[in-house]
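Please read the structure below before turning to the comments.
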């Protein structure tokens, strides 16, 4: 077998592998989208039915979810979008500052601070929940957006990633900025931030996904139905007193949309940022 034939067979095998992987990833999404157009009786009657039957499909689930006066879904959606947007913006800004400081400057205690960041990154949330809960109660920010956002606004994972990324950027850019009379903050905002754009794109997607899917901490902090986020609200539809699969499945389909949009707008930065951040430093 010639080298050309080997390359063709290798390409075919790689294609088949990723095609199979895509099928397993997209199959649950296809099923949940199809199920969202069927009522719960139809789902219980036929189970995992992948057939497209127009007679048994309708938009009633979405009408009930979005326009019924007793539904809190739009409140949950609004809360999730606001919390996710605020968390992502502030976390990117603060974490990039810390990561930039650790990666670009040599100062006493830098390695110790970085080790502490790694320790916090490896620490399970369950260990931190009790002291964090006591803290937000003392600060009187229970059942508020701030109570959900503030305890985790500086992300150890983002700090680690930004530090690795900045370590791969030449320091000559900083020296050139100083020669031109730029302040240290000016160097960060005018020179380094544009160079760190791929890192911001990658971290924006990861931080947004982390916050969008967060359940445990918002469940502890938030108290009232109109303050719930989507994961809490959708989970509340399943209870010992009855399960509302109509709203649950259609609500889950709509909950996928924002993260897909974020990824589509940042996919190039996501790939290049993860690649550069993973191999440098």
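Read the figures in this text as sums done on the coordinates, not as results from a lab. Just so you know, these numbers come straight off a predicted model, no measurement behind them. FYI the Cβ positions are ideal-geometry reconstructions off the backbone, even for glycines, and counts take in every protein chain you see.
If you run the Gaussian network model on the chain, springs between alpha carbon atoms under 10 Å, then out of 119, 262, 98 the most flexible one is 119. Mind checking the angle between helix 245-279 and the chain's longest principal axis? C-alpha axes, 0 to 90 degrees, to the nearest 10. Tilt of helix 245-279: around 20 degrees.
Expressed as a whole percent, how much of the Cα-Cα distance distribution for the stretch 72-228 exceeds 27 Å?
33 percent
Counting other Cβ atoms within 10 Å as a rough exposure proxy, the listed residues 236, 250 run 236, 250 from fewest neighbours to most.
Going by neighbour counts of Cβ atoms within 10 Å, the residues 224, 144, 88 line up, fewest first, as 224, 144, 88.
Each listed q (0.08, 0.12, 0.16 Å⁻¹) maps to a log10 I(q)/I(0) for the chain, found by the Debye formula over equal Cα scatterers with no solvent: -0.49, -0.95, -1.25. The alpha-carbon atoms of the stretch 139-204, seen along their principal axes, cover 49, 24, 15 angstrom, with the largest extent given first. Helix 110-122: angle to the longest alpha-carbon principal axis of the chain, degrees 0 to 90, nearest 10? In the chain, helix 110-122 runs at an angle near 10 degrees to the longest axis. Extension gain for the segment residue 142 to residue 12, taken as residue separation times 0.36 nm less the Cα-Cα distance, is 41.3 nm to one decimal. Full extension of the chain between residue 45 and residue 67 gives 5.3 nm of extra length, using 0.36 nm per residue less the Cα-Cα distance. Between the stretch 1-55 and the stretch 163-203, the alpha-carbon centres lie 43 Å apart. Once the Cα atoms are used to define both axes, helix 197-212 deviates from the longest principal axis of the chain by about 40 degrees. Residue order for 38, 69, fewest other beta carbons within 10 angstrom first, comes to 69, 38.
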